Amino acid sequence: MGKFARSWALMKASANVLRQDKEMMLFPLFAGLASLVVIASFAWPVFSLYHGHRTGFEDGGHHVSPLFLAVSFLFYFSQYSVVIFFNTALAAAAFIRLEGGNPTLNDGLSAAWSKLPSIIGYALISATVGMILRAIQERAGFVGRIVAGLLGVGWTVATFLVVPVLAAQNVGAVDAVKDSAGLVKRTWGENIIGNAGIGFVGGLMVFCVMAVSFGLFVAAAATNSVALMITVGAVGIIALVALSLFQNALHGVYAAALYRYAQYGDPGEGFDRALLENAFRQKK
């Protein structure tokens, strides 16, 4: 219960910061829309190559051509690029707010654009790691899935602060990964898993929205009104999308505050320093 209460307090602190700049929720929206464009652009080429080129490297009992692997890598790279770009813009805007300023959309986008070479470099690294983990998962069966999962968790943890590092510093992609890993190790220590309950709070909110939406849809279905069913379904989808944008924006604000705490010992305006010290104790 203590961990749950602390996670809830951290989320409230992030929400209070986000409440002052609601436009920061637009960055996850832009990232989502850009991702949909990337998916739509690659859907047909990937489908065609997967079914039309069965010569080359063996993959799960099938033969996948080098061209398919190249296109898959390009898809990973494109997806990571747009997501990292807008996440960096969100982190940059969050830094301005945490320092007492009043950020605008243009402030975040301009900051991300100025870091474009590093963002592209990090997208290349992430795409490479993603392809390697996928290859391990598909070629080594059940054991491969376990190994890939563990490596994936380790990579996610080590790179948790890469985006704030990119937004705050003029460093390359490799240095950003190194700095993130160092900050995480120094700040989170042995209690990182035990204090990851902030994700549970967000998941609980999603579950509640889905449960309420499902109940209302069942009630609407009982009336045999197609229009009411469509309306309830649409409202439920909009609510889930809005909650997803809210959670992603919260994550960006929280990561920015954690970076400030790890780097300077001060999370910034709106966050209780003692709360972060209790949540992320340094490893002894």
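The values are calculated or read from the model by the stated rules, or taken from the named source; none is laboratory data. As the structure is a prediction and not an experimental result, all values here were calculated from the model. Because the Cβ atoms are built from the backbone with ideal geometry, glycine has one as well, and the counts that use them run over all protein chains shown. To get the accessible areas, we keep the full protein, side chains included, count just its heavy atoms, and leave off ligands, DNA and RNA. Shrake-Rupley method; radii C 1.70, N 1.55, O 1.52, S 1.80 Å.
If R0 is taken as 45 Å, the Cβ-Cβ distance between K185 and I238 corresponds to a FRET efficiency of 0.65. For region 64-105, the solvent-accessible area with a 1.4 angstrom probe is 37 square angstrom per residue.
If I take all pairs of Cα atoms in region 96-162, what percentage of them are more than 20 Å from each other? For region 96-162, the fraction of Cα-Cα distances above 20 Å is 50 percent.
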